[in-house]
Amino acid sequence: MRTDRSKDLGPCLPMEGDDRIVCRCEEVTQGEIRQAVHDGMFTMTEIRRYLRCGMGLCQGQTCSRLVSGIVARELGIRPGELRPASSRAPMRPLEMSIWANECQAPDGAAETKKGGAGDEKC
Amino acid sequence: MKRVDLIVIGAGPSGLSAAIEAAKTGMSVLVFDENARPGGQLFKQIHKFFGSKEHKAKIRGFVIGQQLLKEAEDAGVQVSLESTVIGIYPEREVVVRKYVETPAADGTDPQEPSSRHEAVFHYKADAILVATGASENMVMFDGWTLPGVMGAGAAQTLMNLHGVRPGKRVLMLGSGNVGLVVSFQLLQAGCQVAALVDAAPKIGGYGVHAAKVARCGVPFYLSHTIKKVEGTNHVTGVTIAEVDSHFQFIPGTEKHFDVDTVCVAVGLSPMSQLLKMAGCEMDNSGKGGGQIPVVDAAGQTSVPGIFAAGDVAGIEEASSAMIEGRMAGIRIAEYLGYETKEAGEAEFSKEEASLEGLRQGMFAPQNRGMKIEKTEEGIPISTNLLKHGFVADDEIGRFPGVTHKAGIHPVMECTQNIPCNPCQDACAKHCIHIGLNITALPAVEEGSTCIGCGMCVASCSGQAIFLVNEHTKEGCAEVTLPYEFLPLPKAGDEGFGMSRSGKPVCRAKVVKVRTSKAFDHTALLTIEVPEDMAMKARFYRSRLECTGGDSVIAQSRIKGAEVSQNGATGDRPCESKAAAESEKREEGAAI
């Protein structure tokens, strides 16, 4: 899927609801997202890096659908045509102190057929 | 690194079902769930489920959850809670954030309890099933970030898991099954539901769910949506307005409601990020409710050994999620050689047929967005039901469950072809006929004799069955209706008979209240109403409920509604004898 960069979107005219917050975690408004598209951010990944929407506590669980709707509308395409942002670990926000605290679960196959999550030493 | 045969991510209906099937074949199965309790959304579901016996129909969702947990335990499935999977890496490595318990110094001193801290663990499995479910969608309007605006599922969590009422007066946006079911549960929790609003021109969920909300007096506003939610620190009101066929507001159609809570039930999005990270081929066309993995019938993704089941592979509901989970579990056992191909295939096709059974009828995936004008029986559908949430008086008579007869008889106000048939089995006297086609409308069996046991009334997940005796004595009729509100009225109580639209249409006297284990928390209320109201009164409200300024009756009185006209004249003949009668009945009531 190649992004067409030559698309002329015209001027970014003010719209009703531009001051509405879309990404609650990072407090990004509809107007900022629309402006970002006009600034040349045509993909969800670019929008995320440019504005940080979807990078907060909920990791875009609430707003990514809303953001892709706004971006698609600005580009004149269907939201489904927009390439979704990449997914990478950690899937949930994680404190660095925990991230750095790597533990080894005991090696070897499950001792019984019952499996088990216990016995980890840290 | 710990190795197991199968790692399941998500202990909801599909994840647990898959884990059970896999563990039964002797596999070691480990289930991770980020929540403190297993069961996914099942433990919030206090209503009875639809389907047939094999789909666990007429059993309440949380009971199904308990059964699944028991089954999982018996099968040797290990469930690790408060364990968040933060990534799936190549070669099926799963990284989990979870707690580590550090026992106290000597492990016995209660003053020095064990401490717990979080750490990151690595696991490896021969197969992974992702069953992470879905999250609620939101829509934007002015004030959507105010405290008091929440997902309908969030409101359900507050009420049914934590025992907290989300608010006093609620407006619900969304008329799908989630919006309808949660609206009813809000009413059960003692909230007022000011209105049920949907931008679509017709109700999206089951008509029977809508009807039980409508007869509690909740008005439906279709082709309407939220314009603005008001309030500075929290919600104090909401303005809705009508929309045209392009979903643009029509000026001058604004309506205002004083509410402290706005619930949003506008669909779900699959939480499929883990699958994407694992490199599975994804479908972004939006047909499954969002980004979903491309899977085969057993949930196998494009990456060997990684499977997906339940809402994460396309939004449906809990019953189909459980079957999808079982199918994936069977196929995984086969894939890893714990089950022979033949045995697996036999079980698999059984589940497949069961899933097929659920995907029938007017609400089946293949019928989504289609305009259905007639039932399978060729009966014109109730258009009033789709627009206002209840079947109009002049429509109800054309459905096969609604017949007239001398003496007590069931009236099944089931007017849409949905895959559900517990009523057929509930009647020991075989009064109700659905047949082999699970979506057929229930019909009254010719020549059968109803004994008024009420099992059908209690078994109907849609609360759409009533027992009616159109003539008990001079000018009087009795209606037995399902009642799931507390406190329960008592025999002898007087109040009002409510129409299908939730308007008081007559005085009504409670003559019998039946509860029983077999009814599973659905009480059967028998009310005495004027004869001409036998086919109109479908709900009961006590006088007490009618004294509040906000109550439906108080409001309709102000508007000069039917109560004074119908009520006063119609029920007089019943009055004196009924009192004595009800006392006698009270003694015999099975409480």
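With the highest mean first, a sort of the peptides B:143-150, A:95-102, A:22-29 on other beta-carbon atoms found within 10 angstrom per residue produces A:22-29, B:143-150, A:95-102. Averaged over the residues of B:119-126, the number of partner chain Cβ atoms lying within 10 Å of the residue Cβ comes to 5. Relative to the Cα centre, the charge distribution of chain B, modelled as +1 at Lys and Arg Cβ and -1 at Asp and Glu Cβ, gives a dipole magnitude of about 1260 debye. Of B:Arg514, A:Arg73, the sequence from fewest to most neighbouring Cβ atoms within 10 angstrom is A:Arg73, B:Arg514. Antiparallel beta bridges, as assigned by DSSP with both residues in region B:162-267, represent about 45 percent of the total such bridges.
A dipole drawn for the protein assembly as shown from +1 and -1 charges on Cβ atoms has a positive end, and of B:Pro365, A:Gln30, B:Ser135 the residue lying farthest that way is A:Gln30. Beta bridges from DSSP with both residues in the protein assembly as shown: antiparallel share about 65 percent, rounded to the nearest 5. Using the Karplus relation 6.51 cos²θ - 1.76 cosθ + 1.60 with θ = phi - 60°, the per-residue 3J(HN,Hα) values for region B:138-148 come to 10, 10, 9, 8, 4, x, 5, 9, 5, x, x Hz, with x marking Gly and Pro. Per residue of peptide B:1-7, the mean number of Cβ atoms on other chains within 10 Å of the residue Cβ is 5.
Charge tally around B:Ile46: other residues with Cβ under 14 Å, Lys/Arg +1 each, Asp/Glu -1 each, net +3. In this simple spin-label model, placing a label point 7 Å from the Cα along the Cα-to-Cβ direction at both B:Ala392 and B:Val100 gives a separation of 6.9 nm. Per-residue Cβ neighbour counts within 10 Å put A:Ser86, B:Ser272 in the sequence A:Ser86, B:Ser272, beginning with the fewest. Look at the stretch A:73-85: the mean tally of other chain Cβ atoms within 10 Å of its residues' Cβ atoms is 2. Taking the fewest neighbouring Cβ atoms within 10 Å as the starting point, the ordered list for B:Lys48, B:Lys98, B:Lys374, B:Lys429 is B:Lys374, B:Lys429, B:Lys98, B:Lys48.
Sequentially through region A:37-46, phi angles give Karplus couplings (6.51, -1.76, 1.60; θ = phi - 60°) of 4, 5, 7, x, 8, 9, 10, 4, 5, 5 Hz, Gly and Pro residues having no value and appearing as x.
An oblate overall shape is assigned to region B:180-258, the ratio a/c of its alpha-carbon gyration tensor axes (a ≥ b ≥ c) being 1.5 or greater and a/b not exceeding b/c.
Counting only GluC sites (Glu not before Pro) that DSSP places in a loop and that have at most 16 other Cβ atoms within 10 Å, the longest clean stretch of chain B runs over B:92-253.
Bear in mind these aren't lab numbers, they're just calculated from the coordinates by the rules spelled out. Please read all numbers here as calculations on a predicted model, not as lab measurements. In this analysis, Cβ positions are derived from the backbone assuming ideal geometry, glycine residues included, and neighbour counts consider all displayed protein chains.
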